[in-house]
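**Student:** Got a structure here, written out as structure tokens. Questions coming.
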Amino acid sequence: LTQEASLSGSPGQKVTLSCKGNSNNVGARTVGWYQQVTGSAPKTVMFGSSRPSGIPERFSGSQSGNTASLVITGLQPEDEAVYYCSTWDTSISNHTLLPTHGELRQKPALFPLIALN
């Protein structure tokens, strides 16, 4: 699974994280998105297009073909975290999670600039 190398946005803007795979994983299975804030355990923020209880409405998810997307509409400083996407690969008999990650972090020089690496 792959994600874009970099993406930037400011609080209040919309940020889209993409997770690209193939027909054996993203194209065949529901993708989960996980947020890990520094010092805390990862938590699920989206499963396909379903948002778990307690996750703000600014988070939304979708899947189309071999690409899954996590959209944060109205970015907030507290959204600074590491974001992981994962799903199953149907070509592997013993199911294996395929995680990738992107880091959403706040750059100190130009608050409120937030960058995704």
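The values are calculated or read from the model by the stated rules, or taken from the named source; none is laboratory data. Bear in mind the structure is a predicted one, so any value in this text is a computation, not a measurement. All Cβ positions, glycine included, derive from the backbone under ideal geometry; neighbour counts span all protein chains shown.
**Student:** If I filter segment 47-57 for residues that are buried (at least 20 other Cβ atoms within 10 Å of the Cβ) and closer than 25 Å to D89 by Cβ, do I get at least one hit?
**Tutor:** Checked against the condition, which is being buried (at least 20 other Cβ atoms within 10 Å of the Cβ) and closer than 25 Å to D89 by Cβ, segment 47-57 yields no hits at all.
**Student:** Does S86 fit the bill of being at pLDDT below 80 and over 18 Å from K14 (Cα atoms)?
**Tutor:** The answer is no for S86.
**Student:** Which one of these is buried (at least 20 other Cβ atoms within 10 Å of the Cβ), more than 12 Å from the chain's Cα centre (by Cα), farther than 19 Å from G74 by Cα and touching a residue at least 24 places away in the same chain (Cβ under 8 Å): V31, V26?
**Tutor:** V26
Quick grid of which residues meet (1) modelled with pLDDT of 95 or more; (2) in a loop (DSSP other than H, G, I, E, B):
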| position | (1), (2) |
| --- | --- |
| L17 | no, no |
| A41 | no, yes |
| V45 | yes, no |
| Q63 | yes, no |
| F111 | no, yes |
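Residue-wise test of (1) in a strand (DSSP E or B); (2) in contact with a His (Cβ under 8 Å, 6 or more places away or on another chain); (3) of a type in the set (A, V, I, L, M).
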residue	(1), (2), (3)
P52	no, no, no
S60	yes, no, no
L70	yes, no, yes
W88	no, yes, no
